[in-house]
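A short worksheet on the structure shown next.
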2 protein chains.
Amino acid sequence: MRGQDHLPIGVFDSGIGGLTVLGVIHKTLPGESTMYLGDTARVPYGTKSPEVVTRYALNNARFLVQRGIKLLVVACNTASAVALPALEEALEVPVVGVIRPGARKAARTTRSGVVGVIGTEGTIMSGSYERELLKVRPDATVFKRPCPLFVPLAEEGWEDHQVSKAVAGEYLGDFASEGMDTLILGCTHYPVLRGPIQSAVGDGVTLVDSATAVAEVVAEELDRLGLTCKGGGPPAHEFFVTDVPQRFQTVGERFLGAPLAGIRQVDIDPH
Amino acid sequence: MRGQDHLPIGVFDSGIGGLTVLGVIHKTLPGESTMYLGDTARVPYGTKSPEVVTRYALNNARFLVQRGIKLLVVACNTASAVALPALEEALEVPVVGVIRPGARKAARTTRSGVVGVIGTEGTIMSGSYERELLKVRPDATVFKRPCPLFVPLAEEGWEDHQVSKAVAGEYLGDFASEGMDTLILGCTHYPVLRGPIQSAVGDGVTLVDSATAVAEVVAEELDRLGLTCKGGGPPAHEFFVTDVPQRFQTVGERFLGAPLAGIRQVDIDPH
């Protein structure tokens, strides 16, 4: 009989953005199977209230847990920011969000102690990056700002476009003068716009995205719990979405950095 | 006993945008009560599939019909573009979408017969403006383009911002050279960006938004069906949203052009 270690790592996101996190998990843990759910019928979460995001996050998590996963990664920053306690309470599998690993990585990176955080309205309003940062670096000064145009700019594929540079300048132009040396990219879409964001804040600022930190925490957790896959065949990667797969596939391959195949549409509305 | 004419006009939209349509209805029909539903928990519809948008549209419509309305206005362009037949079949109240009135107004406006249409991905992919235009103006040439960044730019309040001008130039710069004299603003958010859009296409192009045309069709329909309100007190305006009202109120007042009060949150998920 197979042990739990053969089960996939579950990953959910409000839509496409979480594929940037999944891509790093695939690279860091090449022997692990994964099961990804993108809630494309209800995307985005970033402008929605904590109550609604928590309801959707529980829906998503239960879908993955029912299909069988050994650990859940909440790849969506907004859901991690507002729904993690509810998920940890409701689920029997270990849950890893993106906020704490990202905040700790930023705390290790900063020398000046002045850190910027950018994300969706929901993530920024929650104050969760700030709280996690101050836990490990109580003397830190945190500047934060929602950047709602970055998500549609990333989905348009305007990574090198003058418009993205102008928008980044508008959102972040005054950040650079605050003595900040570290900026947390607190939304899974933002690494796609790394170029314009770096230009806006200047080369002296290190950009921190949570994906690498999350993958490391997942590896540690699996090891600690004796759940690391002990082999027995090539890993399998499954993809589920709540709306038709077409757009997810087209935009998603750019985010994952690899071809996407066998995406299945599912209905997870609570009936 | 009161007749049906005392019932409100129902209006639904995926979120906030439909308030630009509601504002014109209030001005055109000052004696009529209205009941507005913004599906802010599932907004936006523009990047979602026809199947999902139709499911949400039916949810929204049934909520309003159950509370009692005499006519339904589908203020959302995407829902009008893909879900109107399903709504007409499922409901017992008359249904007015925004596509046909807008297309007919454009057909009356154009002299060159070259018409542009901009909207969400869902609206543009549906081809519905084109179909309605060609019904009344079979010789028309239609250029169309999705403009996904216009919605977040309008919600940011960047009406006069250089970024909005640059984005409008990118999307529409080559439209002006096509002999086009009329451009349909096929999304309820776009009238907010009238300035940058007009600059991008030049003063020779007339911008057509559906709101005025829709209000006229509603007035005609009520008259034809004997449903025009015959007085008996000041009109009442009710507002429902599916997520918490805060953001709807802040952004919405700019869209409606009037203060918003008494917004109520409702759960319309099919349980």
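The values are calculated or read from the model by the stated rules, or taken from the named source; none is laboratory data. Here the structure is a predicted model, which is why all the values come from computation and not from measurement. Here Cβ is always computed from backbone atoms with ideal geometry, including for glycine, and neighbour counts include all displayed protein chains.
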State the number of residues belonging to segment A:85-106 that are in a helix (DSSP H, G or I) and in contact (Cβ under 8 Å) with a residue 24 or more places away in the chain. 11
Looking at B:Thr54, B:Thr109, which is the one that is in contact (Cβ under 8 Å) with a residue 24 or more places away in the chain, more than 17 Å from B:Ser210 (Cβ to Cβ) and of a type in the set (Ser, Thr, Tyr)? B:Thr54
Show the residue pairs that are 6+ apart or on different chains and have beta-carbon atoms under 8 Å apart, the first residue being within segment B:146-162 and within 17 Å of A:Thr120 (Cβ to Cβ) and facing another protein chain (nearest Cβ under 8 Å), the second being among the polar types (S, T, N, Q) and part of a helix (DSSP H, G or I). B:Leu153/B:Ser164
I need a count of the residues in segment A:233-249 that are surrounded by 13 or more Cβ atoms within 10 Å (Cβ to Cβ) and either in a strand (DSSP E or B) or away from chain B (no Cβ under 11 Å) (or both). 7
Of everything in segment B:136-167, what is surrounded by 20 or more Cβ atoms within 10 Å (Cβ to Cβ), within 20 Å of the chain's Cα centre (by Cα) and small (Gly, Ala, Ser)? Give them in sequence order. B:Ala154
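Could you please let me know if A:Val208 is in a helix (DSSP H, G or I), touching a residue at least 60 places away in the same chain (Cβ under 8 Å) and crowded, with 23+ Cβ neighbours inside 10 Å?
Here the answer is no, as A:Val208 does not meet what is asked.
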Considering (1) surrounded by 24 or more Cβ atoms within 10 Å (Cβ to Cβ); (2) not assigned by TED's automatic domain parsing to the domain that holds A:Gly233, say which one A:Thr109 fails and leave the rest. (1)
Residue by residue through segment A:216-232, note down the ones that are in contact with a His (Cβ under 9 Å, 6 or more places away or on another chain) and either at negative phi or part of a helix (DSSP H, G or I) (or both). A:Cys229, A:Lys230
Limited to segment A:116-174, what total is found for residues that are basic (Lys, Arg) and on the phi > 0 side of the Ramachandran plot? 0
Collect the residues in segment B:6-55 that are in contact with a helix residue (DSSP H, G or I) (Cβ under 6 Å, 6 or more places away or on another chain), in a loop (DSSP other than H, G, I, E, B) and among the hydroxyl-bearing types (Ser, Thr, Tyr), keeping them in residue-number order. B:Thr40, B:Tyr45, B:Thr47
From the list A:Val52, A:Val73, A:Val24, A:Val11, which one is of a type in the set (Val, Ile, Thr), over 25 Å from A:Gly127 (Cα atoms) and outside the structural domain of A:Val117 (by TED's automatic domain parsing)? A:Val24
Among the residues of segment B:217-232, count how many are surrounded by fewer than 16 Cβ atoms within 10 Å (Cβ to Cβ) and in contact (Cβ under 8 Å) with a residue 60 or more places away in the chain. 6
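Yes/no matrix, rows are residues, columns are (1) more than 22 Å from A:Leu256 (Cβ to Cβ); (2) among the aromatic types (Phe, Trp, Tyr); (3) assigned by TED's automatic domain parsing to the domain that holds A:Pro152:
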| site | (1), (2), (3) |
| --- | --- |
| A:Gly17 | no, no, no |
| A:Thr20 | no, no, no |
| A:Glu32 | no, no, no |
| A:Thr40 | no, no, no |
| A:Tyr45 | no, yes, no |
| A:Leu64 | no, no, no |
| A:Ile69 | no, no, no |
| A:Glu88 | yes, no, no |
| A:Leu91 | yes, no, no |
Any idea which of (1) touching a residue at least 24 places away in the same chain (Cβ under 8 Å); (2) out of contact with any Cys (no Cβ under 6 Å at 6 or more places or on another chain); (3) surrounded by fewer than 24 Cβ atoms within 10 Å (Cβ to Cβ) is the one A:Asp5 doesn't satisfy? (2)
For segment A:111-201, give me every one of the strands (runs of 3 or more DSSP E) that falls completely inside it and has 3 or more residues that are aliphatic (A, V, I, L, M). A:114-119, A:182-186
Does A:Pro191 count as more than 14 Å from every other protein chain (Cβ to nearest Cβ), farther than 23 Å from B:Arg247 by Cα and under 17 Å from the mean Cα position of the chain (by Cα)? yes
